[in-house]
Amino acid sequence: MTETLKGEIALVTGATRGIGAAIADELASQGALVIGTATSESGAASITERLGARGGQGRVLNVTEAGAIEALVDSIAKDIGPISILVNNAGITRDNLLMRMKDEDWQAILDTNLTSVYRSCKAVMRGMMKARRGRIVNIASVIGVTGNAGQSNYAAAKAGIIAFSKSLAREIGSRGVTVNVVAPGFIDTDMTRGLPEDAKNAMIGQIALGRLGEPADIARAVAFLAGPNAAYITGETLHVNGGMYM
Ligand code: NAD
């Protein structure tokens, strides 16, 4: 593997498992020094164990905690160096039909999946603009484009990420910072593993390639957008969904 990301310092949120873990591993394998976040000390320790050989480490972060991401970005800048790649991956689902949705389920999804992206982009952008280089990749979802019954909160947050990223791309493109989105389809992770078999088969029926995606499928797309081959791409959404009818 050529080390196309050598010299980069990458921050990946939600890197303990699933798509975030695959992104952290892929960026590290391409030469980046990767800091992955976890919600617990033990999660952070397991990330350090995975990435430590390449200089990376795990740090604790709850993306809904005001001030936490700003403090983390400052401490990385002080201890390691300025972040040049930010991947906003942390996310949750709290599905319910709107009729039955509680305010706290609506709010939790907006806080965790959308406000967190606003906060972390704001925390890293000053440093990136000063350096006149930087890559931000935000993880949305096919659901943010198609919508889905039972996921109005999640769809709204993910659509918000797409529109937010296009806007930020226009604000900071002239300073050498790109902002792009990867919108995964249905990926085989803890998020989808609990679904009933028939729901999963119905999903697979909508996918041209006839299978769920793997976290590594998403990770490679993120690494592309974070790397030199994507230098002239910004404000885009890359759909990695095996060919879904949208
Ligand atoms: P996952 O549940 O396996 O992982 C989610 C990660 O987010 C975990 O590391 C978790 O610790 C972290 N996280 C959750 N709440 C957090 C908080 N408050 N603070 C910090 N970290 C927090 O899910 P996944 O499938 O790997 O999903 C990763 C991203 O991809 C999410 O944004 C998700 O919406 C998106 N996505 C997933 C799929 C899919 O089919 N799996 C499809 C489209 C988009």
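How do the pairs read when you match residues in the range 227-240 that are more than 16 Å from Lys6 (Cβ to Cβ) with residues anywhere that are part of a loop (DSSP other than H, G, I, E, B), using Cβ under 7 Å and keeping only pairs 6 or more apart or on different chains?
Within 7 Å, the pairs are Thr237/Ala140; His239/Val142; Val240/Gly185.
Pairs needed: first member in the range 49-66, within 12 Å of Ala24 (Cα to Cα) and in contact (Cβ under 8 Å) with a residue 40 or more places away in the chain; second member anywhere, assigned to a strand (DSSP E or B) and near the ligand (Cβ under 9 Å from one of its atoms); C-beta distance under 9 Å; at least 6 residues apart or different chains.
Matching pairs, first to second residue: Gly58/Gly36; Gly58/Thr37; Gly58/Ala38.
Of the residues Thr16, Thr4, which single one is more than 15 Å from the chain's Cα centre (by Cα), within 25 Å of Ala221 (Cα to Cα) and β-branched (Val, Ile, Thr)?
From the options Thr16, Thr4, the qualifying one is Thr4.
Within the range 58-86, take every residue that is touching a strand residue (DSSP E or B) at 6+ places or on another chain (Cβ under 8 Å) and farther than 24 Å from Val177 by Cβ and give me the one that is farthest from the ligand (Cβ to nearest atom).
So the residue we want is Gly58.
Could you please let me know if Ala169 is within 11 Å of the ligand (Cβ to nearest atom), among the small types (Gly, Ala, Ser) and crowded, with 17+ Cβ neighbours inside 10 Å?
no
Being more than 15 Å from the ligand (Cβ to nearest atom) and surrounded by 14 or more Cβ atoms within 10 Å (Cβ to Cβ) narrows it down to one residue among Phe164, Phe224, Phe186; which is it?
Being more than 15 Å from the ligand (Cβ to nearest atom) and surrounded by 14 or more Cβ atoms within 10 Å (Cβ to Cβ) holds for just one of Phe164, Phe224, Phe186, which is Phe224.
In this structure, is Ala219 assigned to a helix (DSSP H, G or I) and without any contact (Cβ under 8 Å) to a residue 12 or more places away in the chain?
So Ala219 does not fit the description; no.
Where a number appears in this text, it was derived from the coordinates with a stated rule and is not lab data. This one's a predicted model, so the numbers in the text were calculated from it and none came from an experiment. FYI the Cβ positions are ideal-geometry reconstructions off the backbone, even for glycines, and counts take in every protein chain you see.
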